[in-house]
Amino acid sequence: MVTGNERVTEIGHVLFIDIVGYSKQSTSTQSRLIQELTSAVERTPTFQSSRADGDVLPLATGDGMALVFFKMVAAPASCALELVKTVGPSLDLRIGIHSGLVSHQKDIAGNPNVAGEGINTAQRIMDVGAAGHVLVSSQYAAWLNEFDEWRPLVRELGVGTGKHGVKMPIHALVGPGFGRADLPDGVEGDLTQNSNSSPLDLVILYKRNAQPDEQLLEALEGRLKELGHDVFIDRHLKMGVAWAKAIEEEIRTADAVIVILSDSALGSEMIEYELETAHDEQVNRGKPYLLPIRIGNERKIEGHVGSIVNHLNYSVWNGPEDNSRIVAEILSALTEPPHLQEDELQLEPVGGAISADSPFYVEREVDAECLRAVEQGESIVLIKGPRQVGKTSLLGRAVKHASDLSLRIASTDFQKLSSSQLSSEIDFYRLLAATLARQFKFSYDFSNEWLDVFGPNMNMDHFLRTLLESFDDRLVWFMDEADKLFGVPFASDFFGLVRSWHNSRATEPGGPWKRFTVVISYATEAHLFIQDLNQSPFNVGRQFLLQPFTFDQVADLNRRYGSPLSSADEVQRLYDLIGGQPFLVRRALDVLARKTMSFTELLAAAERDDGPFGDHLKRILISVSQLPAVLEAMKSSFQSPNLPETDGIQRLLASGVVRQTGDRKVEIASDLYRRYLQSHLVGGVG
């Protein structure tokens, strides 16, 4: 299986070896026994050849070792047979073998390691054995039975009880001078009480009348039913209300939902609906587990289906030769359902922009429209929203999209400009032109072309016209944190110039302006600073307003973080506290995923200055306290939602501290903001 766009999880064939009675020995004896075992393993031909091919990962386990093979199914059995026939009399070994999912990671020392169902089950199989037993899982036994030379050595023993009371069918490898056929103490001989006595309710989603979807469906259905699981497939129910209810009921009551995702299935609205149903139920009760199978490719899935499955482990099927592997991966996932570990998540620092390919990037409805506007060559694209709501992240995504389209791009982050660079209109325009020339790799004769007599605006206009006429392809200029310019004396002139480039598309039909797009991100209402909005870009461009996360988006992001919020109720409580504010949502989930505090502790510490949101809240407190008009507007908002549209209110809206409702009333954006600010500014919580 793989997760996201990177292969980190695969089938491992695990040989787990334990020295019986090891813990009762003295330290010096333990050291000698481990050295003797290591030497014996290293002498086996299977280990030697696998190590030469880079196909074995040896892991120390304290009282033994685990060998994880990746290519050869029979390698653990071969190595075990070679080992038990060559070890000395002082080594009493018990052995467990299983094939299952393992996830690659690093241990605390930075060495390669694995985790997951594959190695966990191998150890559980071994744990029920005694000295001399070579025990194997039912999955591994089934695979060995496909080989003529191994089939005679495989014996059914019974059902063992492993850690946490898990029931496991146990087989043994037994041959001349090899293994034991007697029942270990931890194994019951009644094979009717195997895992099939507790069948799972499974649903397989697929695109009807599509190939090779149905070919894979038949292979999965047959094997899963052989193992005793109840498999539901929508084949026979008639369309209608009863049909729709039956489908939803089967999905919502399932233990796991397996979905076959081909290119054809990705275009199916029914598949999307069924996945959404499973996804919704998983949020509410933790099941069904979603197990996607991708047919033919591993590229990132776009749209709503992608938001559900892209962060999940998935299998890839390329043809009938993959049937056995796919079934094994599904069975492995059902044995120990996949969940995202912190190591697999590769948690990212919270704060600042989120890269376009981050697994934690939340795609909102305006994303696709914004990217489409850039792709279609709109003259002005406006990305607006409160602070820390994701404007720069969306801007970065638009930059990547433009780059993927092979457009020429340049970016200016006005937040990076110093006060001195904004103090002089002449220096400001010259700086902009120089940075654009550098990014577009454009040579411009500033000494002869940039003349003081023309003034900054005309010089900038001439520079940009010359730049555009030097290229045949489209140019996109991304401007981030445009608010930084709103307070400078020449803001109206600069944004008026940007507006003129938009107007030139109409006044100069044969000019270069249709090949030029400006993308601007900002938070503050422009009309508070721009003298004449009819001479600015802010009332002609395509505006995309970013809103806080919805409940469903918070629930989805929770799953991407490995579901540190364990129920829909916890998701709702967090949502009620912080109101979907994107930075605070990510901050909360990051804290919980890293296990630095529990959900109860997070709620208790939420309003504290030294709590998980302390730095953010203190910055908010400072920002609303610095200007008297803003402070007065903040205090007024505690009393009434009917507030006039003042400069103070607009600044609070831009900061995201308050928000406007549909009827133009103003409300504090979250319960956390209300409680914290009211306690600091008024002296109590209402």
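The values are calculated or read from the model by the stated rules, or taken from the named source; none is laboratory data. Keep in mind that what you see is a predicted model, and the values were worked out from it rather than measured. Note that we place each Cβ from the backbone using ideal geometry, even for glycine, and neighbour counts take in every protein chain shown.
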List the strands (runs of 3 or more DSSP E) inside the stretch 93-151, counting only whole elements, that have at least 2 residues being touching a helix residue (DSSP H, G or I) at 6+ places or on another chain (Cβ under 9 Å), assigned by TED's automatic domain parsing to the domain that holds residue 185 and not small (Gly, Ala, Ser). 93-106, 134-137
Inside the stretch 381-405, can you point out the residues that are of a type in the set (D, E, K, R) and more than 22 Å from the chain's Cα centre (by Cα)? 384, 387
Just to be sure, is residue 600 surrounded by fewer than 19 Cβ atoms within 10 Å (Cβ to Cβ), free of Cβ contacts under 8 Å to residues at least 24 places away in the same chain and not assigned by TED's automatic domain parsing to the domain that holds residue 382? yes
So which of 354, 308 is in contact with a strand residue (DSSP E or B) (Cβ under 9 Å, 6 or more places away or on another chain) and either hydrophobic (A, V, I, L, M, F, W, C) or at pLDDT 85 or above (or both)? 308
In the stretch 35-62, what residues are in contact (Cβ under 8 Å) with a residue 24 or more places away in the chain, surrounded by 12 or more Cβ atoms within 10 Å (Cβ to Cβ) and not in a strand (DSSP E or B)? 36, 37, 38, 40, 41, 43, 44, 46, 47, 50, 61
The stretch 599-640, subset touching a Ser or Thr at 6+ places or on another chain (Cβ under 9 Å) and of a type in the set (Val, Ile, Thr), residue nearest to residue 350 (Cα to Cα): 620
With part of a strand (DSSP E or B), small (Gly, Ala, Ser) and closer than 26 Å to residue 506 by Cα as the only criterion, which of 410, 398, 373 stands out? 410
Residues 367, 413: which one is surrounded by 17 or more Cβ atoms within 10 Å (Cβ to Cβ) and within 30 Å of residue 617 (Cβ to Cβ)? 367
Scan the stretch 285-303 residue by residue and report those that are modelled with pLDDT under 85, surrounded by 14 or more Cβ atoms within 10 Å (Cβ to Cβ) and either in a helix (DSSP H, G or I) or among the hydrophobic types (A, V, I, L, M, F, W, C) (or both). 301
Among residues of the stretch 132-158 being surrounded by fewer than 22 Cβ atoms within 10 Å (Cβ to Cβ) and in contact with a Lys or Arg (Cβ under 6 Å, 6 or more places away or on another chain), the residue farthest from residue 228 (Cα to Cα) is 132
Name the strands (runs of 3 or more DSSP E) wholly within the stretch 152-218 that hold at least 3 residues that are modelled with pLDDT under 85 and more than 30 Å from residue 269 (Cα to Cα)? 154-161
Give me the pairs: first residue in the stretch 563-574 and on the phi < 0 side of the Ramachandran plot and surrounded by 14 or more Cβ atoms within 10 Å (Cβ to Cβ), second residue of a type outside the set (Gly, Ala, Ser) and part of a loop (DSSP other than H, G, I, E, B), beta-carbon distance under 6 Å, and six or more apart or on different chains, which are they? 571/565
Taking the stretch 434-454 and the residues there that are assigned to a helix (DSSP H, G or I), charged (D, E, K, R) and loosely packed, with under 13 Cβ neighbours inside 10 Å, the one that is farthest from the chain's Cα centre (by Cα) would be 452
